[in-house]
Amino acid sequence: METIAFIILGAIGVIAFYVVSLNNSLVKSKLTVNEATADIETFLKQRFDMIPNLVETVKGYAKHEKGLFESVTELRSKAMGAGSIDEKIKLDGELQKGISKIFAIAEAYPELKANENFLNLQANLKDMEEEIQKSRRFYNGTVRDFNTKISVFPNSLIVKFLGFKEFPFFEATEEEKKNVEVKF
């Protein structure tokens, strides 16, 4: 009878150790995902801070594009106030489209393309986009690792009780997935 009690206690101890280890591992992974999210948010904030300067610089040359400038400014405000990561992903994609349209407008204004302030903003935004892309790749890697940990057996049986949920990936928007049309 004692050996059965020791076996049961030993099994309970092994299961408890496994659950505690799994929980600690997932907490560490979740913190890494949160860190990656914070990195993206830092770069997005820097980009948000550049947008008003870009809009004002281009606005002086392309006064008839007022609707686009207002749209980009409004998207910037919404993106800055976005709460969930899903909302941030969606608004970031829309904001990128708006910035691309502003740069496309600039192509029609040779004097704007020669403007030193515009060129500096363009270069800084290009660098910022590269940093955001790096941060997104890091975020997606940490999300992949976390989501894999909570999806594999036997972890998938336990994580529901621990309260862990999958994180969304930063993915290209439908607009970004379309083929670029080149016309000569």
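Only the coordinates and a few stated rules stand behind these numbers; no lab work does. Model, not experiment: these values are computed from the prediction. Here Cβ is always computed from backbone atoms with ideal geometry, including for glycine, and neighbour counts include all displayed protein chains.
Just a few scattered comments:
- Note on PHE48, PHE146: ascending count of other Cβ atoms within 10 Å places them as PHE48, PHE146, the fewest first.
- Each Lys and Arg Cβ is given +1 and each Asp and Glu Cβ -1; about its Cα centre, the chain then shows a dipole of about 260 debye.
- Globularity ratio of the range 31-175, using Cα Rg and 2.2 N^0.38 Å: 1.27
- Theoretical ellipticity at 222 nm over the chain - DSSP helices of four or more residues, -39500 (n - 2.57) apiece, nearest 500: -27500 deg cm²/dmol
- When each of LYS78/LYS126; LYS113/LYS134; LYS126/LYS165; LYS90/LYS160 is checked by Cα-Cα distance, pairs over 32 Å: LYS126/LYS165
- Per-residue Cβ neighbour rank within 10 angstrom, fewest leading, MET80, MET1: MET1, MET80
- Extension gain for TYR109 to ILE158 (0.36 nm times residue separation, less C-alpha to C-alpha distance): 11.6 nm.
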